[in-house]
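Enquirer: Got a structure for you, questions after.
Nothing in this text is a laboratory measurement; each read-out follows from the coordinates by a stated rule. Not measured: the values here are computed from a predicted model. So basically every Cβ, Gly included, is an ideal-geometry build from the backbone, and we count neighbours across all protein chains shown.
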């Protein structure tokens, strides 16, 4: 169990890049879309229908957009991490290739991580731990997270295809000794549940397989306990948290977690109605979707990611009101 506190790390900006095409579940054959929507909250999703858009180009577009708006020089980046389960090549890593294309400094730490829907919280922890270890005032890091999930799903899979969207997110994080903010993390792994979401090799292609009942049970069992452990360890109160953002698994799972924690409905943010399940990117996608609600004050956010592994990561952090938040559509040109 990795449960700890990290200081002086600030989120400076988040840019999401969403796939350019809409797919409506009411257009899918052999699906009761009305019943599916009532259970999951999902009607329309964003998908990449092309096979020629590697996830690297999504990450590149997000990095360039974010660095321009923050006026960050990419040659000054100290840590650059990409987290995805849909890399376009086995090796070299996406982070290494982008490091070269974007002319980052040779002293930058670059690597990829294979994680599922807990990946955003795990990624924040990895980067903030590294920055805290450097203790270099003004150190900068970029975290890329996301998947083109629909490429992992058979077009005939009526259980998974209506759930997932394609999206990535890029987050800028810096270390500032003058900033007194603290971030709290609880990261846990439950390998006995690794069968709940898996990949199977069929006709030369790996496809995602999911046991929906197990995913619900593991999420309901492990996520609230993980959050409660975090709060108890650091004597934190749910009442002092402004908003909670859970991985957008589906409405049924997230509402079960919310009710288990006795959280008020208006304090739990959603994006699933508009974007579906955007996998690893779903937490930052949801944050940006509510930027108007978040920009008037600094906000204490409770983030919870959970999924493949079975892996659970929770963090409590401060999102400053001047944080740059933006969502764009992928540019295929």
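Enquirer: Would you kindly state how much longer the chain becomes between residue 331 and residue 49 on full extension, computed as 0.36 nm times their sequence separation minus their alpha carbon distance, in nm to one decimal? Before the final figure, lay out each step's value.
Expert: Details: separation 282, 0.36 × 282 = 101.52 nm, distance 1.32 nm.
Going from the current span to full extension adds 100.2 nm.
Enquirer: Sticking with this one: Which percent of Cα pairs goes in each bin when the distances of the stretch 182-319 are cut into 10 angstrom slices starting at zero?
Expert: 11, 42, 33, 10, 3, 0
Enquirer: If you wrap a convex hull around the alpha carbons of the stretch 47-158, what volume per residue comes out, as a whole number of Å³?
Expert: Numbers: hull volume 12.9 nm³, N = 112.
Each residue corresponds to 115 Å³ of Cα convex hull volume.
Enquirer: Quick check: residue separation of residue 194 and residue 105 times 0.36 nm, minus the Cα distance between them. What number comes out in nm?
Expert: 28.3 nm
Enquirer: Only Cα pairs within less than 10 Å get springs; with that Gaussian network setup on the chain, which residue of 200, 266, 51 has the largest fluctuation?
Expert: Residue with maximal mean-square fluctuation among 200, 266, 51: 51.
Enquirer: Which of 193, 123, 307 moves the most in a Gaussian network model of the chain with Cα springs under 10 Å?
Expert: The residue that fluctuates most here is 193.
Enquirer: Another one. By count of other Cβ within 10 Å, fewest leading, how are 252, 104 ordered?
Expert: Working: 252 15, 104 22.
Ranked by crowding around the Cβ, least crowded first: 252, 104.
Enquirer: Right, next: When DSSP assigns beta bridges and you keep just the ones with both residues in the chain, what percent turn out antiparallel, to the nearest 5?
Expert: Numbers: 49 of 72 bridges.
That works out to approximately 70 percent antiparallel.
Enquirer: For the stretch 51-68 and the stretch 271-293, what is the separation of their Cα centres, given in Å?
Expert: About 18 Å separates the Cα centre of the stretch 51-68 from the one of the stretch 271-293.
Enquirer: How do 326, 201 rank when sorted from fewest to most other Cβ atoms within 10 Å of their own Cβ?
Expert: 201, 326
Enquirer: Can you give me the relative contact order of the stretch 191-252 as a percent, contacts being Cα pairs under 8 Å and 6 or more apart?
Expert: Details: 28 pairs, mean separation 11.9, N = 62.
19 percent.
Enquirer: Using label points projected 7 Å from each Cα along Cα→Cβ, tell me how many nm separate residue 202 and residue 178, to one decimal.
Expert: Each label point is offset 7 Å from its Cα along the Cβ direction, giving 5.7 nm.
Enquirer: Taking the Cα-to-Cβ direction at residue 235 and at residue 88 and moving 7 Å from each Cα, how far apart do the two end points lie in nm?
Expert: Taking the simple label geometry, residue 235 and residue 88 are separated by 5.1 nm.
Enquirer: Neighbouring Cβ atoms within 10 Å as the yardstick, rank 278, 86, 44, 171 fewest first.
Expert: In increasing order of surrounding Cβ atoms, one gets 44, 86, 171, 278.
Enquirer: Further question on the same structure: Find how much the distance from residue 68 to residue 158 grows on full extension, using 0.36 nm per residue of separation minus their present alpha carbon separation; answer in nm with one decimal.
Expert: Working: separation 90, 0.36 × 90 = 32.40 nm, distance 4.04 nm.
Residue separation times 0.36 nm, minus the Cα-Cα distance, leaves 28.4 nm.
Enquirer: For the chain, just run the numbers: alpha carbon Rg, then divide by 2.2 N^0.38 Å, N being how many residues it has.
Expert: Scaled against compact globular proteins, the figure is 0.94.
Enquirer: Ok, one more. Please say if the stretch 288-333 is rounded, prolate or oblate, where rounded means a/c under 1.5 for a ≥ b ≥ c the square roots of the C-alpha gyration tensor eigenvalues, and otherwise the choice is prolate for a/b larger than b/c and oblate otherwise?
Expert: Since a/c reaches 1.5 but b/c is at least a/b, the shape of the stretch 288-333 is classed as oblate.
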